[in-house]
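Engineer: Structure in structure tokens, see below.
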Amino acid sequence: MTIEELKKSGSIIFESISGSRAYGLDTATSDTDIRGVFILPKEQFYSLNYIEQINNETNDIAYYELGKFMELLSKNNPNIMELLNVPDDCILYKHPIFNSIKKEDFLSKLCKNTFANYAFTQIKKARGLNKKIVNPVNKERKSVEDFCYVREDKQSILFKDFVSSKDLNPKYCGLVNLSHMKDCYNLFYSEKLNYNGIAREKANQVCLSSVPKSEKPIALLYFNVDGYSTYCKKYNEYWDWVEKRNDERYKSNISHNKNYDAKNMMHTFRLLHMAKEIGLNKEINVRRNDRDYLLSIKNAEFEYDELVSRAQTLNEVLDTIYDNSRLIDRPNLDFINKLVYEIRNDFYNK
């Protein structure tokens with residue numbers, strides 16, 4: 001089911017603007033995120049075609065089936081909990097049946113960990129971006145040959161340097177497994193015996209050749225498989241990130257030269273502050289009254305280490321707040337199961 005088909009089905013029971021526009025932290029370049037809840041048509045729910053979530057490619061628009069939505073609520077998932085208290089000006093549609101889902105039945109001491117853990121995940125993401133910024137990966141991809149080394153005298157040299165120094169053509173090289181020595185091969189050379197070279201184009205492994213027993217190897221070759229695998233993973237991750245990154249956000253992070261993703265750090269403190277407010281007041285304050293402070297973080301007005309220290313202090317404060325909080329320990333699953341049944345049954349019958 002596509003988003004367009006979902007909207008035509010009449011199954012949506014809640015839809016709202018979320019993200020930065022709901023927090024009051026949006027700027028001129030901010031995207032508009034949409035989150036919603038739907039009840040799968042009865043025929044699909046009772047068949048093998050259960051769908052728990054429908055979203056677009058960038059996940060800016062996402063709708064959760066009632067069962068999945070309530071499951072995430074029962075775990076106090078931060079992004080889902082916010083939907084229970086989004087500002088009225090962000091609500092695009094609310095079916096009366098959605099009113100039976102009340103935040104008081106879900107707010108619990110689980111929020112301390114779910115919000116804080118998510119917050120510290122943002123810190124890791126903030127620093128992780130820097131690794132990509134300062135360690136770019138060349139677009140021209142390395143080959144297996146770039147991770148092959150030849151033992152010569154008392155040292156190892158890159159295969160490409162070896163053949164160059166000997167004035168050898170790589171296509172006339174051949175490899176044969178060397179018993180009891182992992183990733184090591186005897187290297188042969190002949191312009192007459194039709195060897196296969198050491199690797200085919202775009203291959204992920206070395207290429208073996210059939211070599212007459214009378215032939216003598218010219219050297220011992222080692223293929224650094226782990227090094228090649230690590231490089232391939234890094235290459236794919238980097239260029240996937242380049243393809244999908246938000247260029248405006250990337251340019252902003254480059255310009256402030258603080259070596260962290262300022263937007264991730266902003267969300268760290270938004271989440272920690274929300275966790276504190278939930279513990280003290282049993283309220284989910286989606287629209288932020290600390291907007292100026294959060295935007296100053298987004299504008300990279302602080303050093304990374306200072307922000308990490310502040311976040312750790314806030315996290316320690318949460319321990320005391322939640323130890324003394326009157327929140328329930330965790331949502332009542334028996335109540336939630338009954339509520340899900342009643343909502344679904346009522347929706348299908350009407």
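We did not get these values from a lab; they are worked out from the coordinates using the rules stated. These numbers were taken from a predicted model, which means no experiment stands behind them. Cβ atoms come from the backbone with ideal geometry, glycine included; neighbour counts cover every protein chain shown.
Engineer: In deg cm²/dmol and to the nearest 500, what is the mean residue ellipticity at 222 nm of the chain if only DSSP H runs of at least 4 residues count, each as -39500 (n - 2.57), divided by the residue total?
Structural biologist: Computed mean residue ellipticity for the chain: -13500 deg cm²/dmol.
Engineer: Would you compute, for the Cα atoms of segment 55-173, the largest minus smallest coordinate along each principal axis and list the three values in descending order, in whole Å?
Structural biologist: Principal extents (largest minus smallest coordinate, Cα): 80, 29, 26 Å.
Engineer: Near the amide H of I13, under 5 Å away, which other amide H atoms are found, from residues 5 or more places off or on another chain, if H is placed in the peptide plane?
Structural biologist: Here V37, F38, I39 satisfy the definition.
Engineer: Sorting K350, K276, K182, K166 on the 10 Å Cβ count, fewest up front, what's the list?
Structural biologist: Values: K350 6, K276 21, K182 9, K166 12.
In order of increasing Cβ crowding within 10 Å: K350, K182, K166, K276.
Engineer: Find which of F115, I101, N224 sits farthest along the positive direction of the dipole of the chain, computed with +1 on the beta-carbon of Lys and Arg, -1 on that of Asp and Glu, about the Cα centre.
Structural biologist: It is N224, whose Cα lies furthest towards the positive end.
Engineer: Each label point is 7 Å from the Cα along the Cα-to-Cβ direction; what then is the distance between the points at R200 and E5, in nm?
Structural biologist: 3.9 nm
Engineer: Sequence gap at least 6, Cα distance under 8 Å: using those rules, report the relative contact order of segment 1-75 to the nearest whole percent.
Structural biologist: Working: 95 pairs, mean separation 21.5, N = 75.
Relative CO of segment 1-75 lands at 29 percent.
Engineer: Taking the Cα centre as origin and putting +1 on Lys and Arg beta-carbons and -1 on Asp and Glu beta-carbons, what dipole magnitude results for the chain, to the nearest 20 debye? Provide the component values of the computation, followed by the final result.
Structural biologist: Numbers: 52 positive and 50 negative charges, 128 e Å.
It comes to approximately 620 debye.
Engineer: Relative contact order for the chain: what is it in percent, counting Cα pairs under 8 Å that are at least 6 residues apart? Please list the in-between numbers first.
Structural biologist: Values: 487 pairs, mean separation 72.1, N = 350.
Here the relative contact order equals 21 percent.
Engineer: Using modelled amide H (1.01 Å from N, peptide plane; none on Pro or chain starts), what sits under 5 Å from the amide H of C207, excluding residues fewer than 5 places away?
Structural biologist: A199, R200
Engineer: From the C-alpha coordinates alone, can you work out the Kirkwood hydrodynamic radius of the chain, in Å? Mind showing how you got there, number by number?
Structural biologist: Values: mean 1/r = 0.0402 Å⁻¹.
Averaging 1/r across every pair of different Cα atoms and inverting gives 24.9 Å.
Engineer: Now, a different point. Structure shown: which of K166/K233; K103/K298; K75/K103; K171/K233; K7/K42; K142/K182 lie over 24 Å apart, alpha-carbon to alpha-carbon?
Structural biologist: On the way: K166/K233 33 Å; K103/K298 29 Å; K75/K103 13 Å; K171/K233 27 Å; K7/K42 16 Å; K142/K182 22 Å.
Pairs exceeding 24 Å: K166/K233; K103/K298; K171/K233.
Engineer: What ranking, highest mean first, results for peptides 152-160, 282-290, 33-41 when packing means the other Cβ atoms within 10 Å averaged over each residue?
Structural biologist: Numbers: 152-160: 13.1, 282-290: 16.4, 33-41: 22.0.
Highest to lowest by the protection proxy: 33-41, 282-290, 152-160.
Engineer: Once you order the gyration tensor axes a ≥ b ≥ c over the Cα atoms, which shape class does segment 147-229 get: rounded for a/c under 1.5, otherwise prolate or oblate by comparing a/b with b/c? It would help to have the intermediate numbers written out before the result.
Structural biologist: Details: a/c = 1.26, a/b = 1.18, b/c = 1.07.
Rounded, since a/c falls under 1.5.
Engineer: In addition: Which ³J(HN,Hα) values, rounded to whole Hz and listed in residue order, are derived for segment 340-350 from phi using the Karplus coefficients 6.51, -1.76 and 1.60 in 6.51 cos²θ - 1.76 cosθ + 1.60 with θ = phi - 60°, glycine and proline given as x?
Structural biologist: 4, 4, 5, 5, 5, 5, 5, 5, 5, 6, 9
Engineer: Let me ask something else. Karplus couplings for segment 189-203 from phi (6.51 cos²θ - 1.76 cosθ + 1.60, θ = phi - 60°), rounded to Hz, Gly and Pro as x?
Structural biologist: Residue by residue, segment 189-203 yields 9, 7, 8, 10, 9, 6, 5, 8, x, 9, 6, 7, 4, 6, 7 Hz.
Engineer: Additional query: Just how large is the dipole of segment 22-100 about the Cα centre, in debye to the nearest 20, putting +1 at every Lys and Arg Cβ and -1 at every Asp and Glu Cβ?
Structural biologist: Working: 5 positive and 12 negative charges, 75 e Å.
Here segment 22-100 has a charge dipole of around 360 debye.
Engineer: Which value, in debye to the nearest 20, describes the size of the charge dipole of segment 147-229 about its Cα centre when Lys and Arg Cβ atoms bear +1, Asp and Glu Cβ atoms bear -1, and nothing else is charged? Working shown, then result.
Structural biologist: On the way: 11 positive and 9 negative charges, 36 e Å.
With Lys and Arg at +1 and Asp and Glu at -1, about 180 debye.
Engineer: Going by amide H atoms built from the backbone, whose H comes under 5 Å of the H on I34, apart from near neighbours?
Structural biologist: S18, I61, A62
Engineer: Fewest to most neighbouring Cβ within 10 Å: what's the order for Y149, Y46, Y235? Could you put the intermediate results ahead of the total?
Structural biologist: Numbers: Y149 20, Y46 11, Y235 15.
Lowest to highest Cβ neighbour count: Y46, Y235, Y149.
Engineer: Another question about this same structure. Between 0 and 90 degrees, rounded to the nearest ten: what's the tilt of helix 225-244 against the longest Cα principal axis of the chain?
Structural biologist: So the inclination is approximately 40 degrees.
Engineer: Now for a separate question. Spelling out what I want: for every residue of segment 106-116, take phi, set θ = phi - 60°, compute 6.51 cos²θ - 1.76 cosθ + 1.60 (Karplus), and round to whole Hz; glycine and proline get x.
Structural biologist: 10, 4, 8, 5, 4, 4, 4, 7, 5, 5, 5
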